Amino acid sequence: MCGLSVFVSSRPAAGTPDEASAAAFAGALESMHHRGPDDTQVEFADGAAFGFKRLAIIDRAEAQQPVHYRDRWTVVFNGEIYNYRELREELIRDHAATFATEGDSEVLAAAFHFWGPAALPRLRGMFAFVAYDRWTGTLHAARDPFGIKPLYILETVDGLFLASERKALLSFSGSSRSGLDTDALAHYLTFQYVPDPLTLHRQVKRLPPGHRMTWTAGGGIRMERYFRPSLRPLAMKADEAQQGIRDALRDSVHKHLHAEVPVGAFLSSGVDSSAIVALAREVKPDLHVFTAGFGTDGYSEIDIAQDTANQLGVKLTPTLVTEDDVIRELPRIVYLLDDPVADPSLIPLYFLAQTASRYVTVVLSGEGSDELFGGYTIYREPSSLSNVERLPAGLKRGLRGLSHAMPEGMRGRSFLERGTTPIEERYYGNARIFSAAEKAELMRFTAEPHTAITSRLYAETADVDDVASMQYVDLHTWLPGDILTKADRMSMAHSLELRVPFLDQAVYAAAAGLPTDLKLPPHSQATKYAFREAMRGIVPESVRDRRKLGFPTPTRLWLKGAIGDWVDGLLAGSGARHLLDLDYARRLLAEHRAGHADNSRKVWTVAMFCLWYAIFVDGTIRPSTTALAPALVAQV
């Protein structure tokens, strides 16, 4: 796992850059040093620049990047191809391909040379790469099917820039203040993250998951989707489905262990990470695992994780996170994210990765299981609302009016309101922060509605049931925008490669056709039932049916203490007041601190944006300044 940066000039025969331009490119690359501290390479040729920060995992002595192939291709690649050895053998056999290294980067370059874009569906792994064809002056780029690895794009009059993190493009993109994308901000206030392809900077975009693009000087960007994860329930027997899941996940975990550096795993209290650890231990019995928690009652999984580790016979190293840790590191965390992500669980993940990086270079983690196998409790909602949804339209309109007349918080109000609202309007992802009405009160600008993101996704799933539609929405929004973004940034902050065996093409294939009653059976309250059954005999029974916690974070309590004092000061002095009614946000905080309402998610979402604004727009908080002291807050 590494960091890449590329520039290709729009001017013919641009030649090599002057000293100032070369220094600017090298400096931008250095902003991603945490992604690859083992080696730095910068090359300039024919109006193009290629920069690479390497975290050496495979063929550590060789396989530096950029990779050159057949005097035609220059390739930089962030990620891992887990089936690269099989692809290498096939390329040698069928095309007489030759290789100078033993790593996967050169295999990727050869695969693209011989197969072109048809190579992409054959890659089993996580990746974001750029391949420059010197013969035609065409730049090719692609991102893995689920969006595990990031790739940012900036097109200017000078040419095309690409990088693994947005911060590496900022010096080439103009003013952050004038370029702030208010549509992206509005979506952030709904989803708690900025959905692809948007960023908060209007000029900078992300290449969406499962997409490839080409660019030529004068021809601009052409983008094409090569993979679309879709869950279409089929008829299948339970035992066959469970065997397929078991075989695919075991094979994926074993492949994800391949490395020339120490490999460990994250372990929480749930079945996902426990399954990863149990299957990894089959071939790596000395597996070292890591967990995190807080000293607050109800907000630590350390004891449960320790019990699971004992049953599986692996060594566990825990991390206890304090409020002082959060206050000290929060500016750096937000800086590393590029765009704010208001998911508090990324905080323990940051410290968990910090601890793990002292012992290992690679960790396996359980992201993606819930979206593929139906692991979120909200996926049971269509079943619970079915009796209301089947009522005649006129009666539903009456019940909806009744729900609006009921006092806020009254028993049954939410049930009636949601049951009489079409799924396209009531479900827009796993996180739902501010409603449209609340955003109208908070925002000092107008913007497109959240349906600009979700309506297309519902149109693409009109022929499947509501559960499959909800999973589809999460696979295309929540998973890449929140889950995988925080996993990549918080692990890379400490030069730690995080691998996700669930998001493997073979595991996806085992999940794609699962019927709804095997994911969420009517006779049980269990989620991802088929997966849990597939893990019978592999993970301890005490874990297999446990409800997911996912490193819970005491944000609600934090906001009533010292962190709440800091948030109030941040909101009071923020330079983002022209964008948001921060007095409204401070009233939400005051209500929360008085115990009148749980506004923690809403307040945290606004606070993380204001911290982002202070770092990236105003420059009043610098990420190198690690303490959120009162004196620093006063400068915001």
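Where a number appears in this text, it was derived from the coordinates with a stated rule and is not lab data. Quick caveat: nothing in here was measured; it's all calculated off a predicted structure. Note that each Cβ is placed from the backbone with ideal geometry, even for glycine, and that neighbours are counted across all protein chains shown.
Quick notes on this one:
- Pairwise FRET efficiency - Ala512 versus His95, Cβ, R0 = 25 Å, nearest 0.05: 0.20
- Calculated [θ] (222 nm, deg cm²/dmol) that DSSP helices of n ≥ 4 give over the chain, each run adding -39,500 (n - 2.57): -11500 deg cm²/dmol
- Among Trp558, Trp115, the order by Cβ neighbours within 10 angstrom, fewest to most, reads Trp115, Trp558.
- Sorting Met608, Met443 from the fewest to the most surrounding beta carbons within 10 angstrom yields Met443, Met608.
- Packing-based exposure ordering (other Cβ within 10 Å, fewest first) of Glu90, Glu591: Glu591, Glu90
- Distance in nm between pseudo-label sites at Ser455 and Leu320 (7 Å out along the Cβ direction from Cα): 5.3
- Cα extents of the range 3-225 along the three principal axes, largest first (Å): 54, 42, 35
- Out-of-range pairs (alpha-carbon distance over 29 Å; input Lys53/Lys205; Lys53/Lys486; Lys205/Lys439; Lys315/Lys602; Lys528/Lys560): Lys315/Lys602; Lys528/Lys560
- Förster radius 41 Å - calculated FRET efficiency between Glu389 and Glu260 (Cβ-Cβ, nearest 0.05): 0.15
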